[in-house]
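A short worksheet on the structure shown next.
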Amino acid sequence: MPRTRTAVLAFAADAALVLVFVLIGRASHDENPLLGALETYWPFAVGLVIGWAVSRGWRAPLALERTGILVWVCTVAIGILLRVVTLQGAQLSFVIVTAVVLAVFLVGWRALALLARRIRSKQTASRET
């Protein structure tokens with residue numbers, strides 16, 4: 001798959017997973033998952049975009065350390081910071097849950113993709129021998 005297509009799909013996956021996190025969180029608090037979701041989503045979306053820019057994620061969209069971890073850290077840190085400065089609140093429990101869930105989402109799917117790629121390349125190599 002061309003790198004540009006991979007980068008677009010990876011960014012879309014990240015954005016979708018952050019939205020899933022927001023919708024699950026809102027639903028778990030008996031809040032309407034759709035109304036107000038944008039208010040909860042935008043700080044983390046800004047963090048995600050900044051994380052992609054800082055990491056230059058389009059260069060290695062599947063890289064765990066270079067892209068995944070940096071995107072995750074920026075998404076959480078900037079998202080929480082923006083929530084605080086816009087008076088949305090960020091209790092310690094929320095920060096912990098946010099960090100853990102977004103780590104699983106933003107780093108986890110990359111780990112699975114890399115594992116699948118390794119398995120596929122080993123299968124291809126064994127067929128060629």
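The values are calculated or read from the model by the stated rules, or taken from the named source; none is laboratory data. Since the model is a prediction, treat every value here as computed from it, not as a measurement. Methodologically, a virtual Cβ is constructed for each residue, glycine included, from the backbone with ideal geometry; neighbour enumeration extends over all protein chains shown.
Residues considered: PHE21, PHE11. Of these, the only one that is touching a residue at least 12 places away in the same chain (Cβ under 8 Å), part of a helix (DSSP H, G or I), among the hydrophobic types (A, V, I, L, M, F, W, C) and closer than 24 Å to ARG120 by Cβ is PHE11.
From the residues in region 43-60 that are in contact with a Gly (Cβ under 9 Å, 6 or more places away or on another chain) and not small (Gly, Ala, Ser), which one is farthest from THR98 (Cα to Cα)? Outline the logic, then answer.
So the first thing to find is which residues in region 43-60 are in contact with a Gly (Cβ under 9 Å, 6 or more places away or on another chain), and the list is 43-48, 51, 55, 57.
From what is left, the residues that are not small (Gly, Ala, Ser) are 43-44, 46, 48.
Values: PRO43: 12, PHE44: 10, VAL46: 15, LEU48: 13 Å.
Result: VAL46.
With respect to the conditions (1) out of contact with any Lys or Arg (no Cβ under 8 Å at 6 or more places or on another chain); (2) surrounded by 13 or more Cβ atoms within 10 Å (Cβ to Cβ); (3) under 23 Å from ARG120 (Cβ atoms), VAL46 falls short on a single one, namely (3).
Assess whether SER121 counts as being under 19 Å from ARG3 (Cα atoms), surrounded by 11 or more Cβ atoms within 10 Å (Cβ to Cβ) and hydroxyl-bearing (Ser, Thr, Tyr). Answer is no for this residue. Considering region 85-105, the residues that are of a type in the set (Ser, Thr, Tyr) and surrounded by 10 or more Cβ atoms within 10 Å (Cβ to Cβ) include one that is farthest from GLY51 (Cα to Cα), namely THR86. Scanning region 10-23 for residues that are farther than 13 Å from LEU38 by Cα, in contact with a Pro (Cβ under 8 Å, 6 or more places away or on another chain) and among the aliphatic types (A, V, I, L, M) gives a single hit, ALA10. Entry remark, region 24-39: residues being over 15 Å from the mean Cα position of the chain (by Cα), of a type in the set (A, V, I, L, M, F, W, C) and assigned to a helix (DSSP H, G or I) number 3 in total. For region 4-19, which residues satisfy the criterion of being surrounded by fewer than 16 Cβ atoms within 10 Å (Cβ to Cβ) and either more than 17 Å from ALA103 (Cβ to Cβ) or at pLDDT below 95 (or both)? Result: THR4, ARG5, THR6, VAL8, LEU9, ALA12.
Considering GLY79, GLY57, GLY108, the condition of being crowded, with 19+ Cβ neighbours inside 10 Å and either closer than 18 Å to LEU9 by Cα or out of contact with any helix residue (DSSP H, G or I) (no Cβ under 9 Å at 6 or more places or on another chain) (or both) is satisfied by GLY57 alone.
Could you tell me whether GLU39 is out of contact with any Lys or Arg (no Cβ under 8 Å at 6 or more places or on another chain), at pLDDT below 95, among the acidic types (Asp, Glu) and surrounded by 13 or more Cβ atoms within 10 Å (Cβ to Cβ)? The answer is yes for GLU39.
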